[in-house]
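Since the structure comes first, as structure tokens, the remarks are kept for the end.
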Amino acid sequence: MSAIYQSILHPSEIYSLVKYKLLDEKPEKTRLNHLLNITSRSFARVIQSLDPEIRQAVCIFYLVLRGLDTVEDDMTIPKEEKIPLLRVFHEKIYEKGYCYYGNGPNEKDAVLLHSFDHVIEEFLKLKPKYQKVIADITKRMGNGMADFITKKVETMQDYNLYTHYVAGLVGIGLTELFKESNLEKELDLDQANEMGLFLQKTNILKDFVTDLEEGRLFWPKQVWEQYVNDPKDFVLPENREKALSCLNDLVADALELVPSCLSYMSKLENKSVFHFCAIPQVMAIATLVLFFNNYSVFEKSVKIRRGLAVKLITEITDFEKMKQLYYDYALEINEKARNVDGEYNIGRVTEACANIVRWIRADDQRKQVTRKTTGYVYYILLFMVLAVVFISQ
Ligand code: D61
Ligand code: MG
């Protein structure tokens, strides 16, 4: 109900909220769907609407990696236990009956690891080609996470490597699943990685306040140390300008990934795969627009309205719609940037937006060329039809 109140000034979102509720298909009540629904914030519904050929594989891929992440995130598990477990997690998924009970009482997804035997049982029923992709990505992610338990995210290179491990690899694994299923042809794995980076970097910005409370931070030191000696100082009112500069720098860094993501999206052929990939991305760009130069990121957890999220989900039906949305958002950030007085790394943000706009215009142009040729073919056909009609008279 509060979602409706939030959108009271945005009637089109209320329309979307109601429509979404009415169209809500109840997925099969399987044990895995239940686990998916309780552990996934936004991915459950899109996974359930994927093509049946890969739906189960993607669902299990999600649950296995969420299980791994539940070990990584739990600060109550001692390092001596956590690091080796992260490194062998990819073997556990072949161990019938395996469950893990070492999570602390406040770990919200602990129940997933308590029922992990069910995930394993279903994993072992998947086609071997899908099992292979899932196990390989789990191995690489687990080892990457383990490396970062003792190492902090300091340089930009660390930041890119860490986000590669925890999200870029998801993009790569999904791309391999799409290809193995023949729903998609060969896609660019670097772009798949960057799609994951884009989602994770947005996530990391969002978690600033909660991560700091829990005594960790994934913002790269190389960036924040240009502004403060201790990231906790960002919350002090006198450091407002520094905080905003740092935030905008990282918003720009994420926005710079958008052209690669668009390029990947433009090559997708299956509608359910397109929708599945597009939804998290449009949520992320809407989130970045909201975060840009917004000091509340340092005060509380800031989220896009539920109504806006649902409106984006229902509207993003094809690539042309996605381009239009990105175009509008890029111009919106530029508009917001024009009204900011002060430097605050605005230049880097507007440059990133300009590149998004350029990519979209170039794509439009490319398509117009094909449109012209179809027009040309159409005139030849018309001429031939008229000729036949004329001759036959
Ligand atoms: C297309 C569609 C979905 C995509 C994609 C391409 C490329 C990458 C991703 C999804 C992954 C994006 C992750 C962004 C959100 N970040 C997290 O959930 C963090 O955990 C990362 C490690 C576990 C990743 C599990 C995952 C997520 C989404 C999936 C998937 C696996 C498998 C299939 C489909 C989608 C974050 O979690 C904190 C929390 O919210 O609990 C963290 O620990 O940093
Ligand atoms: Mg994590």
When segment 259-301 is examined, which residues are found to be under 30 Å from Val235 (Cα atoms) and within 14 Å of ligand 1 (Cβ to nearest atom)? Pro280, Gln281, Val282, Met283, Ala284, Ile285, Thr287, Leu288, Ser301
Within segment 13-36, how many residues are surrounded by fewer than 13 Cβ atoms within 10 Å (Cβ to Cβ) and within 16 Å of ligand 1 (Cβ to nearest atom)? 0
Considering only residues that are more than 15 Å from Leu35 (Cβ to Cβ) and in contact with a Lys or Arg (Cβ under 9 Å, 6 or more places away or on another chain), which ones fall in segment 99-127? Gly102, Leu124
Of all helices (runs of 4 or more DSSP H) fully inside segment 292-393, the set with 2 or more residues that are among the aromatic types (Phe, Trp, Tyr) is 319-338, 346-392
Residues of segment 290-341 satisfying the condition of being touching a residue at least 24 places away in the same chain (Cβ under 8 Å), of a type in the set (A, V, I, L, M) and within 29 Å of Leu212 (Cβ to Cβ): Val297, Val302, Leu308, Ala309, Leu312, Ile333, Ala337, Val340
Any residue that is of a type outside the set (S, T, N, Q), surrounded by 21 or more Cβ atoms within 10 Å (Cβ to Cβ) and away from ligand 2 (no atom under 16 Å from the Cβ) - is there at least one of those in segment 151-170? no
Of all the residues that make up segment 197-216, how many are free of Cβ contacts under 8 Å to residues at least 40 places away in the same chain, in contact with a helix residue (DSSP H, G or I) (Cβ under 9 Å, 6 or more places away or on another chain) and more than 13 Å from ligand 2 (Cβ to nearest atom)? 1
Does segment 250-260 include one or more residues that are closer than 30 Å to Gln48 by Cα, among the polar types (S, T, N, Q) and surrounded by fewer than 19 Cβ atoms within 10 Å (Cβ to Cβ)? no
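Quick check: is even one residue across segment 234-247 within 16 Å of ligand 1 (Cβ to nearest atom), modelled with pLDDT of 95 or more and either under 22 Å from Met156 (Cβ atoms) or not acidic (Asp, Glu) (or both)? Give the steps one after another, and end with the answer.
At the first step, the residues of segment 234-247 found to be within 16 Å of ligand 1 (Cβ to nearest atom) are none.
Looking through segment 234-247, none of the residues is within 16 Å of ligand 1 (Cβ to nearest atom), modelled with pLDDT of 95 or more and either under 22 Å from Met156 (Cβ atoms) or not acidic (Asp, Glu) (or both).
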Check whether at least one residue in segment 219-242 is on the phi < 0 side of the Ramachandran plot and in contact with a Gly (Cβ under 9 Å, 6 or more places away or on another chain), and report yes or no. yes
Selection count, segment 46-66, where residues are more than 8 Å from ligand 1 (Cβ to nearest atom) and surrounded by fewer than 21 Cβ atoms within 10 Å (Cβ to Cβ): 7
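The values are calculated or read from the model by the stated rules, or taken from the named source; none is laboratory data. Worth saying up front: this structure is predicted, and the values here are computed from it rather than measured. Heads up, the Cβs are rebuilt from the backbone with ideal geometry, glycines too, and the neighbour counts pull from every protein chain shown.
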